[in-house]
1. Which one, Leu62, Ile134, Trp104, projects farthest toward the positive side of the charge dipole computed for the chain from Cβ point charges (K/R +1, D/E -1)?
2. To the nearest 10 degrees, how steep is helix 75-89 against the longest Cα principal axis of the chain, on a 0 to 90 scale?
3. Amide H to amide H, which residues 5 or more places from Ile134 or on other chains are under 5 Å from it, using H placed in the peptide plane?
4. Before I look further, what does the chain give for accessible area per residue, probe 1.4 Å, in whole square angstrom?
5. With the contact rule set at Cα under 8 Å and sequence spacing of 6 or more, what percent relative contact order holds for the chain?
6. Can you check how the C-alpha radius of gyration of the chain compares to 2.2 N^0.38 Å, as a plain ratio?
7. If you average the C-alpha positions of the stretch 76-109 and of the stretch 153-203 separately, how far apart do those two centres end up, in angstrom?
8. What order, most packed first, do the peptides 169-176, 96-103, 47-54, 112-119 have when packing is the mean number of other Cβ atoms within 10 Å of each residue?
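The values are calculated or read from the model by the stated rules, or taken from the named source; none is laboratory data. Please read these numbers as outputs of a predicted model, since none were measured by experiment. Cβ: placed from backbone, ideal geometry, glycine included. Neighbour counts: every protein chain shown. Surface areas here come from the heavy atoms of the whole protein model, side chains and all, with no ligands, DNA or RNA. Shrake-Rupley method; radii C 1.70, N 1.55, O 1.52, S 1.80 Å.
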Amino acid sequence: MRRRSTPPRDPRTITRPDAVALPLEVTDPSSVAELARVADDVTILVNNAGVPLKTSYLRSPLEQIRREFDVDFFGPLRTTRAFAPVIERNGGGRILNVHSVLSWIAMSGAYSATKSALWSQSNALRLELEPRGITVPGLHVGYVDTDMTAGIDEPKVSADQVAESALDGIEADRYEILVDDMSRRVKATLSGDLVELYPSLVQ
């Protein structure tokens, strides 16, 4: 579930006969609560909230940075809190959080910070929800070929590939799902010297 900087999707445009499209605004507690009330048969929740505003810590208004955290960090937390009891009542399941490779490397202002915070949130929720029969896999991926990355001239993976990797990871009971080479490379670099992640720091 993701909120975009472009106009939100209209559920009425989803015409697949095997899909039930429901409205959601992740920053609105009443919208989240209503979705959890209606979708009472859920066993898998995918948190894919994200709104990259290209913020700068030194130049952007603090309100803009707060908005990123409201969507990217508190949005998934709201849906998790609402759906955890639903999933538990249905015999357990999964809550998949989409972190992005930017949770491990600060390349996009506050967006990276929100994804890093979501990664930490997932680690904590994993411990808290395990006794309730709910696992919390986290998905890391670089650039995905969607309208969000339309202006970025870098190699991208398809949305279908991300969905396949997510489902394979859930089926294999993986705690972390690394979709692409970029995510695997950055994850492997975390144990090294900081300049491996940030070569510009070399003097």
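1. Going by the charge dipole, the pick is Leu62.
2. 40 degrees
3. Gly93
4. For the chain, the per-residue accessible area is 58 Å².
5. Relative contact order, the chain: 17 percent.
6. 1.04
7. 18 Å
8. Ranking, from highest mean packing down: 96-103, 112-119, 47-54, 169-176.
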